[in-house]
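**Q** The structure follows.
Please treat every number below as a calculation from the coordinates, not as lab data. What you are looking at is a predicted structure, and each value in this text was computed from that prediction instead of being measured. A quick note on method: Cβ atoms are made from the backbone with ideal geometry, for glycine too, and the neighbour counts reach across all protein chains shown.
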Amino acid sequence: MVNYPAPLDATFGALADPTRRAILARLALGQTSVTELARPFSMSLPAVSKHLRVLEQAGLLTREKDGRVHRCQIEAAPMRAAADWIARYREFWDERLDALDRYLRDSEQNAPGPPTRARPSSPLRGREPVRRIKRPRSGKPGPR
C-alpha cells in the first residue's frame with residue numbers, strides 16, 4: 001500500500017466537494033469576506049463556515065479577523081503540491097500511451113490486410129420457437 005503525505009490527502013479531500021471548489025474559484029479572484037463567499041450558496045452561514053474550516057485545515061485558505069468581519073484569502077502552496085503530484089502521473093501515462101500508439105502504428109504497417117471475421121452461427125437456428133405460457137394479469141395463479 002502506498003502512503004501519501006497527509007497534506008496531499010487533505011488537499012484532495014478538500015477539493016472533492018464542489019462547494020469548496022467554488023469557494024476557491026471565488027478566492028482566486030482576490031481576498032473577500034465570509035459573508036460575500038456565502039452569498040451565492042443556498043446554505044446557512046454556519047454551513048459555509050464548516051466548508052471554510054475544511055479548506056483552512058487543508059492549508060488552502062487563511063482567515064483574518066478585521067473587527068467583526070472575517071476575510072479569507074487563497075493559499076497556493078497545497079494546490080501546487082497537488083498539481084506536481086498529478087504532473088508526475090501525467091508524465092508516466094503520457095509515456096505509456098505514446099508507447100501504445102507506436103505499437104499500434106507498427107502493427108498496422110506490418111499487418112497483411114484487414115482481418116476477416118466469420119459470422120457466428122446462431123445457436124437457435126433449426127429449433128422450434130418457444131411457446132409462451134399465458135399468465136393471469138393479477139399475478140395470482142388460478143382462473144379468472
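**Q** For the peptides 104-112, 26-34, what is the packing order when you average, over each peptide's residues, the other Cβ atoms within 10 Å and list the highest mean first?
**A** Result, highest mean first: 26-34, 104-112.
**Q** Taking amide H atoms as placed 1.01 Å from N in the peptide plane, list the residues 5 or more away in sequence, or in a different chain, whose amide H sits under 5 Å from that of residue 33.
**A** Under 5 Å from the amide H of residue 33 lie the amide H atoms of 72, each far enough along the sequence or on another chain.
**Q** Here is a further query. What length, rounded to one decimal in nm, is gained on full extension from residue 25 through to residue 47, with 0.36 nm per residue of separation minus their alpha-carbon distance?
**A** Result: 6.1 nm gained on full extension.
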